[in-house]
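Everything below concerns the one structure shown next.
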Amino acid sequence: MEKQTALELKGISKYFGSVVANKNVNLSVFKNEILSLLGENGSGKTTLMNMISGIYFPDEGQIFIDGEEVIIRSPKDAFKYKIGMIHQHFKLVDVFSAAENVVLGIDDGEKYNIKQVNSRVREIAEKYGFEIDPQKKIHEMSVSEKQTVEIIKVLYRGADILILDEPTAVLTPQEIKKLFGVLRKMREDGKSIIIITHKLNEVMEISDRVAILRKGEYIGTVNTAETNEKQLTEMMVGKKVELKIERVKTDFDRPLLELRDLIIKKDDGSTAIDGVNFYIRGGEILGVAGVAGCGQKELCEAIAGLRKLESGFIMHKGESIVGLPPKEIIKKGIAMSFIPEDRLGMGLVPSFSITDNMMLKTYGEGKSPFVNRKSARERANGLIERLEIVTPSTETPVRRLSGGNVQKVLVGREIESSPNVIVTAYPVRGLDINSSYAIYDILNEQKKNGVGILFIGEDLDVMLALCDKIMVLCHGKNMGIVHAEKTTKEQLGLMMTGALDLNEQKKDKVFGKAKDSNLTEEQWSAAEERAEAEKEFKEKSDD
């Protein structure tokens, strides 16, 4: 039986001045299909989807829905043709309920009945297997619940073609499994689904076909069952790429930073980090896993000195560095680089050029009242070449670069400053597979040089391959620190949702021993830590 085409693009091109975002793209999506869209950073994936969803208008080419040519000039036009896009960054009103967000913006000339809306939302949820309370406020929801609201929002408007931008970026393995189950039900119901993602293992698991873009041009579409991750990567990049993360073995140094009994508040006054203890050692990558909003952002900002501690200590060689200005911290032997989650809001100045952004950490070091732009420009050129940053020149404002290339500028600048502690939140977010592996290699180089790295990530497969140990946060609490080589993705997922608390298990074990031997819990805890250190030393000696 011949498949029916739901959406077809012919000769689509889009230009931004002299920059070619898309050139002569031909692409089709069938009914009852999940199509993955792959491509390097700056390859035009998001621009292409924005033209389908009405955010941009193509300079050349035609769009066909069910075989008929259509003109899409706005998101309202897209909804008219039953097209809905779920963006990576949710567009929801926190103080409204799920149902109120679903009907927000619908103008059908009639007053809406909230009871009918609640009932309709429940119907959609039951039909596709969602779990959602229509009356629950957005600010009370988990990330996966918010994503569910976004998907139901477009389904409520009757969308038959759904575009999802990085839908699994901030979900646990269990939540990803549920989402994929929902997408399969939607496919069975006749929906056409386009997924933009960088996770090749998910592409292989969920999609029927894969379309590849390279430098704005359409390379081709392959059946998922007839390809593999290596072939897809070669099509994206145009050359062979080795997809392997090496866990570098190093002689772990003494702790560079010790963090004790940290309590950190969010901007709204609620607790972000609740009594967390850990340390960062030189030559070690400590991963931090957790669903979005469980305190990772606040933890990073507190370590970097950008957020006040409510209580607790950050120690270096037995001395507290809490409240010290960066120059004083450097004098004590800590040269810290911070790669924040918000790359444009906190990490870089959007209107500044790459050269000027390179100077932000060093402009005060010169003896002359004038800054040395020549040196900064040379460093910027070296960074562009090393990380293959796609930009017209070193003087291009970073806001004009694609998200992935902006991230490369930020990561490259921070690592280039020769730190001995790196605090990094989602350093490969928005990066294609080739660029991501380049960043992993750079982090491993820093690890070999004795740098202590706190790595907050969202891809558990990567964390298990790259990190030495992984600390899991749930609602601001530490669920335990595990050796990456000795744990599984499923165990991490259970800890991320609070279903498994290794610290509580340890406390129960310690408390039982303490009762039997008349030792205090603190004494047993110290003894267990000493035993673990001795075991680790013995393993290193054996190696």
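Bear in mind that the values in this text are calculations on the coordinates, not laboratory data. This structure is a prediction, so every number in the text was calculated from the model and none was measured. A quick note on method: Cβ atoms are made from the backbone with ideal geometry, for glycine too, and the neighbour counts reach across all protein chains shown.
Once you put a point 7 Å from the Cα of Lys308 and another 7 Å from the Cα of Phe57, both along the Cβ direction, what distance in nm separates them?
The answer from the label model is 5.1 nm.
Using only the Cα atoms of region 166-215, build the gyration tensor, take square roots of its eigenvalues as a ≥ b ≥ c, and label the shape rounded, prolate or oblate: rounded if a/c is under 1.5, else prolate if a/b is larger than b/c, else oblate.
Note, shape of region 166-215 comes out oblate.
From the square roots a ≥ b ≥ c of the eigenvalues of the alpha-carbon gyration tensor of region 348-417, which class results: rounded (a/c under 1.5), prolate (a/b over b/c), or oblate?
prolate
Report, ordered by chain and residue number, the lysines lying within cross-link reach of Lys10, taken as a straight Cα distance under 24 Å and ignoring same-chain residues fewer than 8 apart.
Correct list for Lys10: Lys23, Lys31, Lys45, Lys76, Lys80, Lys82, Lys191, Lys215.
What is the gain in length, in nm to one decimal, between Lys10 and Val371 on full extension, counting 0.36 nm per residue of separation less the C-alpha to C-alpha distance?
Full extension of this stretch gives 125.0 nm more.
Among 228-235, 457-464, how do they line up by average Cβ neighbours within 10 Å per residue, starting with the highest?
Result, highest mean Cβ count within 10 Å first: 457-464, 228-235.
Skipping prolines and chain starts, which residues have an amide H placed within reach, meaning under 5 Å, of the one on Ala335, given they are 5 or more residues away or on another chain?
Under 5 Å from the amide H of Ala335 lie the amide H atoms of Asn420, Val421, each far enough along the sequence or on another chain.
If the cut-off is a Cα-Cα distance under 16 Å, which lysines reach Lys249, setting aside same-chain residues fewer than 8 apart in sequence?
Lys447, Lys448, Lys469, Lys486, Lys538, Lys540
For every other residue with a beta carbon closer than 11 angstrom to the beta carbon of Arg386, add +1 if it is Lys or Arg and -1 if Asp or Glu, then tell me the sum.
Here the count lands on -2.
Among (i) 76, 63, 46; (ii) 168, 86, 46; (iii) 112, 64, 57, only one was calculated for this model; which label is it, if the read-out is Cα extents along the principal axes in Å?
Only one listed value fits the structure, namely (i).
Using just the helices of the chain, give the 222 nm mean residue ellipticity in deg cm²/dmol: DSSP H runs with n ≥ 4 each add -39,500 (n - 2.57), and the total is spread over all residues, rounded to 500.
-11000 deg cm²/dmol
Taking R0 as 45 Å, what FRET efficiency do you get between Lys332 and Lys215 from their Cβ-Cβ distance, rounded to the nearest 0.05?
Values: r = 47 Å, r/R0 = 1.04.
Calculated value: 0.45.
Taking R0 as 30 Å, what FRET efficiency do you get between Glu246 and Lys91 from their Cβ-Cβ distance, rounded to the nearest 0.05?
Details: r = 39 Å, r/R0 = 1.31.
Approximately 0.15, to the nearest 0.05.
Could you give the length gained by full extension between Asn201 and Arg73, i.e. 0.36 nm per residue of separation minus their alpha carbon distance, to one decimal place?
Values: separation 128, 0.36 × 128 = 46.08 nm, distance 3.48 nm.
Here the segment from Asn201 to Arg73 would lengthen by 42.6 nm.
Peptides 297-305, 42-50, 215-223: what's the order by average Cβ count within 10 Å, highest mean first?
Highest-to-lowest ranking by the protection proxy: 42-50, 297-305, 215-223.
Using modelled amide H (1.01 Å from N, peptide plane; none on Pro or chain starts), what sits under 5 Å from the amide H of Arg307, excluding residues fewer than 5 places away?
Close amide H contacts, sequence-distant or interchain: Ala302.
Need the list of aspartates and glutamates near Lys361 for cross-linking: C-alpha distance under 19 angstrom, and skip anything on the same chain fewer than eight residues off.
Lys361 reaches Glu301, Glu328, Glu341, Asp342, Glu378, Glu395, Glu414, Glu416.
Starting from 0.36 nm per residue, how many nanometres of slack lie between Arg260 and Asp208 once their C-alpha separation is accounted for?
So the extension gain works out to 13.8 nm.
Taking the dipole about the Cα centre of the chain, with the C-beta of Lys and Arg at +1 and of Asp and Glu at -1, give me whichever of Ile83, Ile219, Ala21 is farthest to the positive side.
In the chain, that residue is Ala21.
So, in nm, how far is label Lys111 from label Ala292 when the simple model puts each one 7 Å beyond its Cα toward the Cβ?
Result: 3.6 nm between the two label points.
For region 159-249, what does the alpha-carbon gyration tensor say about shape, rounded, prolate or oblate, given a ≥ b ≥ c as the root eigenvalues, a/c under 1.5 as rounded, and a/b over b/c as prolate? Before the final figure, lay out the partial values.
Numbers: a/c = 2.12, a/b = 1.30, b/c = 1.63.
It comes out oblate by the Cα gyration axes.
Give the long-range amide H neighbours of Val19: residues separated by 5 or more places, or on another chain, with amide H under 5 Å away, using H modelled in the peptide plane at 1.01 Å from N.
Amide H to amide H, under 5 Å and 5 or more residues apart or across chains, Val19 pairs with nothing.
Run the quick spin-label model on Arg386 and Lys80: label points 7 Å from Cα toward the beta carbon, then report their separation in nm to one decimal.
Inter-label distance under the simple model: 5.2 nm.
In a shell of Cβ-Cβ distance under 10 Å around Tyr15, excluding Tyr15 itself, what net charge do Lys and Arg (+1) and Asp and Glu (-1) give?
Net local charge, Tyr15 excluded: 0.
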